[in-house]
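The block underneath contains the structure these notes are about, expressed in structure tokens.
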């Protein structure tokens, strides 16, 4: 099975805001970004499209003109109480321990990075497609990084060395 792992296009949110599972929209560069993404994928050969249900992924997934299977396990990390707050306004007593061990420390009323990885690996391991099949997975930077770290045998604490830009396509 060949997988095209795609990060959503640029979200419509100002820099410095913590967002994960918040359902924010996309910018007006969407059409241009979609054209670039489609150039990296043999769209006519794709048999299935999976997507996070958040609109910044959903809108991109629908551009492939085939039914989309939405899966909650493809959502970005749940930042709980920090969602839609400016990073510099989050209480340092909460933020510092998480920054020192973001892999295992759970965000208040959210999840830890290892929880996100377990979720994306549960999805990945549930895929059952013939080896010649080509699929698209539209998701977010966190799940992409966590999955690639697993495949490349990179420690989660070092996975931010894996750069994942908006609209980037990875082939597995």
Give me the one-decimal nm value for the distance between modelled label points at residue 70 and residue 106, 7 Å along each residue's Cα-to-Cβ direction. 2.6
Quick one: if you stick a label point 7 Å off each Cα along the C-beta vector at residue 160 and residue 96, how many nm between them? 1.7
Using Cα atoms only, what is the angle between the long axis of helix 113-126 and the major principal axis of the chain, expressed in degrees (0 to 90) to the nearest 10? 20
Using R₀ = 45 Å, calculate the FRET efficiency as 1/(1 + (r/R₀)^6) where r is the Cβ-Cβ separation of residue 89 and residue 132; round to 0.05. 0.35
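Which whole-number percentage describes the relative contact order of the range 2-171, with Cα contacts under 8 Å and a sequence gap of 6 or more? Please list the in-between numbers first.
On the way: 303 pairs, mean separation 61.3, N = 170.
About 36 percent, as a whole number.
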Checking 20, 80, 142 against a Gaussian network model of the chain (alpha-carbon springs below 10 Å), the top fluctuating residue turns out to be 80
So how tilted is helix 30-39 from the main axis of the chain? Cα-based, degrees 0 to 90, rounded to 10. 50
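Averaging over every viewing direction, what projected area does the convex hull of the Cα atoms of the range 1-125 cover, in nm²?
On the way: hull surface 33.8 nm².
The orientation-averaged projected area of the Cα hull of the range 1-125 comes to 8.4 nm².
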Calculate for the chain the 222 nm mean residue ellipticity that helices alone would give, adding -39,500 (n - 2.57) per DSSP H run of length 4 or more and normalising by residue count, nearest 500 deg cm²/dmol. -9000 deg cm²/dmol
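Take every DSSP beta bridge whose two residues both sit in the range 30-172, then give the antiparallel share in percent to the nearest 5. Present the calculation step by step, with values, prior to reporting the outcome.
Working: 0 of 8 bridges.
Counting DSSP beta bridges with both partners in the range 30-172, the antiparallel share is about 0 percent.
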Based on alpha-carbon centroids, what's the gap between the range 1-49 and the range 75-134 in Å, whole number please? 19
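Readers should treat all values here as calculations from the given coordinates under stated rules, not as data from a laboratory. On a predicted model such as this, the values are computed, not experimentally measured, just so you know. Cβ sites come from the backbone with ideal geometry, for glycine too, and all protein chains shown count toward neighbours.
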